[in-house]
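*Asks:* Just dropping this structure here.
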Amino acid sequence: MNKEISPGGTTPPSRVKPLSNRPASRRERKLLADTQAAKQRLATVLESISDGFIALDRNWAYTALNNQACESMGMSRSETLGRRIWDVYSDTLGTPFEAQLRRAVEQQETVRFDYFYPPRNRWYENRVYPSADGISIFFADVTERKRTEEALIASEQDLAADLALMKSVQEVSTRLVRDGDADPPLLEIVDAAIAITRADMGNIQLLDHASGGLKIAASRGFDRPFLEFFNTVHDGDAACGKAVQRAARVVVGDVTTDPVFAGSPALDVLLTAGVRAVQSTPLVCRSAQLLGVLSTHYRTPRVPTDRELDLLDVLVRQAADWVERTQSQKELRLAKTALEEADRRKDEFLAVLAHELRNPLASIMTGSRLLRRSNSSAIEAERTRDMIEHEVGQLSRLVDDLLDVSRIATGRVVLRREAVDLRKVLNRALEATRPLFEARKHRLQSDLPREPLRVSGDAVRLVQVFSNLLANAAKYTPTEGTISLTAGMRGGQAVVRILDSGIGIAPADLPRIFDLFNRIERSRDHAEGGLGIGLTISRRLVDMHKGSLVAFSDGPGCGSEFVVRLPLVDALPKQERVTSPAVLARGLPRSRRILLVDDNEAFATAMTSLLNAMGHDVQAIHDGGAAIAAARALRPQVVLLDINLPGKRGYDIAREIRAEPALAGTLLIAVTGYGQERDKHHAQQAGFDHHLTKPVDENVLERLINEALCE
């Protein structure tokens with residue numbers, strides 16, 4: 001058995017012993033030669049094939065093998081022939097390889113099978129043919145084919161997985177287009193992202209524009225500590241914050257080694273939640289606006305594949321578009337609601353305005369008819385005149401408030417800033433509103449500091465602010481109630497508090513107490529006149545002074561407190577000395593020549609009478625085209641000039657008067673219904689000395705005339 005045998009397992013012809021001493025016949029010699037030739041052809045064939053070939057006898061010993069088998073086995077024939085296969089390959093005992101060979105022998109049937117031989121890391125295809133003498137085995141190395149098949153199978157599996165994921169992305173995209181409900185689609189986006197990146201957990205964080213941080217909008221797989229910690233993340237914090245900061249995806253393959261989490265408290269939170277790897281992809285909409293971050297997390301160190309990230313990008317684009325659309329829809333709904341609410345408040349405001357205008361007009365009309373009656377007593381006539389003046393004042397204040405709201409809302413109010421002592425402002429506001437307190441028998445308590453409260457501001461506008469707040473306190477405080485005004489300084493600010501014992505403010509009304517067109521009826525028993533825009537004007541004027549105005553109340557019946565804070569300045573400049581109008585009036589001539597130009601004949605007649613009653617010599621004309629000729633003829637000391645005149649506008653008349661040398665010292669006063677800032681500016685540029693809006697306060701007019709003519 002140790003001698004080399006041919007592939008067929010037979011002894012070479014030269015070694016065959018004759019069966020007897022008799023010479024072989026011719027026929028026997030031919031048969032023997034044919035047999036030897038057939039065996040040689042078989043050996044040649046077996047050596048020429050690419051498969052390995054081995055033959056085993058019934059005792060599992062090698063009886064033949066070709067060169068391919070020797071090469072594959074890495075052994076020579078001398079090392080193999082006569083040895084049992086189980087001795088040569090003892091590591092195949094108990095494996096499917098042994099089972100298949102024994103099956104062929106026991107069942108005497110051809111067996112085909114593939115077998116992976118671990119020591120060589122190779123796959124072999126085996127074909128086993130049984131015979132009476134043993135078995136023949138043809139085998140071939142099919143490792144490359146197997147790997148190709150495995151790669152093909154893996155590719156098919158990946159393709160199937162990709163198709164499934166794409167289907168999932170498509171379904172989510174369809175939901176994003178179809179549905180408007182925010183929460184379920186966001187959670188589906190998270191689930192799809194987890195599936196696409198083969199992650200274990202995930203979340204979506206949306207950018208909160210108020211705080212500037214990322215807030216969790218939907219999550220899957222996290223417990224409360226994780227969600228609480230990552231509910232607000234700012235730029236640069238953790239992977240999601242880095243993604244916002246860089247506006248690009250951040251992938252952390254291992255949170256324990258990546259510098260993103262080095263020394264960060266987020267690391268302990270992640271490890272406690274079982275997170276070892278994370279990727280964060282920014283949500284960027286088509287307009288390039290950053291909306292948030294989509295993150296997926298892994299329980300083991302891992303980096304997503306390019307294929308997974310490509311699919312994730314498709315999902316992220318869909319998610320970003322949906323988030324942008326839903327946010328826009330939400331903003332539109334809020335804007336629509338706000339617009340409807342503003343429209344409702346505007347209608348209510350216009351109704352109140354009509355009511356507030358009709359009341360004084362009705363009083364004025366009634367008083368006028370009463371004065372026509374000849375049987376009215378002097379006392380009754382005086383009382384009626386006082387009432388008419390009061391109602392005209394009310395109308396004038398209503399118009400001024402409306403103009404102020406318009407100017408402030410359109411940014412046309414220009415503050416005349418100077419360093420002022422806030423104590424003087426508060427005293428002027430107290431004097432202006434004192435009649436209201438006296439009429440209601442309010443107990444007014446005032447506590448102002450001894451030291452100046454120096455602020456930079458427009459003194460007139462600040463008086464308006466505090467007059468409005470004091471009037472508001474008087475309006476909503478019952479008779480004999482208490483109102484206190486205190487002022488002081490704190491933290492570089494002047495702080496003024498106006499506290500009343502009035503009817504209070506409901507908690508629901510506090511946030512909108514300063515809104516325009518939001519007249520809150522705090523009590524039907526205390527319904528007062530006015531448009532309810534005084535607080536709006538005050539808040540906006542305080543804002544223009546870089547200060548703040550806030551309201552406080554514990555509710556109905558608990559009173560109210562309004563607190564104004566204004567920044568302090570270091571020092572007040574020296575105030576220019578102002579001579580009292582009473583002093584200026586001493587020694588002035590009693591009568592002045594006055595030219596009144598106004599196309600409203602009723603007003604011109606009434607104003608002429610008023611000026612005559614003051615002792616002045618007045619000439620009134622109603623056509624702007626005749627104004628210059630009248631001024632040249634009369635040479636008036638004062639010209640009261642309307643703006644919107646027939647024939648020629650008041651601005652043009654003023655310029656022509658200023659161009660006349662003989663009228664150089666004439667006092668020009670615009671008396672008009674146009675009272676906006678631009679109107680006053682145009683009047684100043686045209687040469688007017690003063691600008692008064694109708695109705696004119698007679699005391700102001702007389703003071704202006706006396707002061708100018710005294711210079």
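*Asks:* Contact order normalised by length for segment 413-567, with contacts defined as Cα pairs under 8 Å and 6 or more residues apart; what percent is it?
*Replies:* With pairs under 8 Å counted, the relative contact order is 24 percent.
*Asks:* What nm value, rounded to one decimal, do you get for the distance between Leu361 and Arg127 when each label is placed 7 Å out toward the C-beta?
*Replies:* 11.4
*Asks:* Once the other residues with Cβ under 15 Å from the Cβ of Leu595 are scored (Lys, Arg +1; Asp, Glu -1), what is the net sum?
*Replies:* Within the 15 Å Cβ shell, the charges total -2.
*Asks:* Report, in listed order, any pair from Lys215/Lys330; Lys167/Lys336; Lys648/Lys694; Lys215/Lys546 with a Cα-Cα distance greater than 27 Å.
*Replies:* The pairs that break the limit, which is 27 Å between Cα atoms, are Lys167/Lys336; Lys215/Lys546.
*Asks:* Next question. Which whole-number percentage describes the relative contact order of segment 13-141, with Cα contacts under 8 Å and a sequence gap of 6 or more?
*Replies:* 21
*Asks:* Another question about this same structure. Can you put Ser484, Ser90, Ser501 in order of Cβ neighbours within 10 angstrom, beginning with the fewest?
*Replies:* Ser90, Ser484, Ser501
*Asks:* For a quick protection proxy, order the peptides 194-203, 684-693 by their average other-Cβ count within 10 Å, most packed first.
*Replies:* The peptides rank, most packed first, as 194-203, 684-693.
*Asks:* Go through 61-73, 654-666 and give me the packing order, highest mean Cβ count within 10 Å leading.
*Replies:* Result, highest mean first: 61-73, 654-666.
*Asks:* Moving on to the next point. Taking 30 Å as R0, compute the FRET efficiency from the Cβ-Cβ separation of Asn231 and Asp306 and round it to 0.05.
*Replies:* Efficiency for this residue pair is about 0.40.
*Asks:* Sticking with this one: With r as the distance between the Cβ atoms of Asp599 and Glu382 and R0 = 51 Å, compute the FRET efficiency 1/(1 + (r/R0)^6) and round to 0.05.
*Replies:* Using R0 = 51 Å, I get an efficiency of 0.95.
*Asks:* Moving on to the next point. Take the alpha carbon atoms of segment 413-567, find their radius of gyration, then divide it by 2.2 N^0.38 Å using N residues; give the quotient.
*Replies:* Dividing the Cα Rg of segment 413-567 by 2.2 N^0.38 Å gives 0.99.
*Asks:* May I pose another question? Order the peptides 615-625, 279-289 from the highest to the lowest mean number of other Cβ atoms within 10 Å of their residues.
*Replies:* Ranked by mean Cβ neighbours within 10 Å, highest first: 279-289, 615-625.
FYI, it's all coordinate maths here, none of it is from the lab. Note that this is a predicted model, so its numbers are computed, not measured. Cβ: placed from backbone, ideal geometry, glycine included. Neighbour counts: every protein chain shown.
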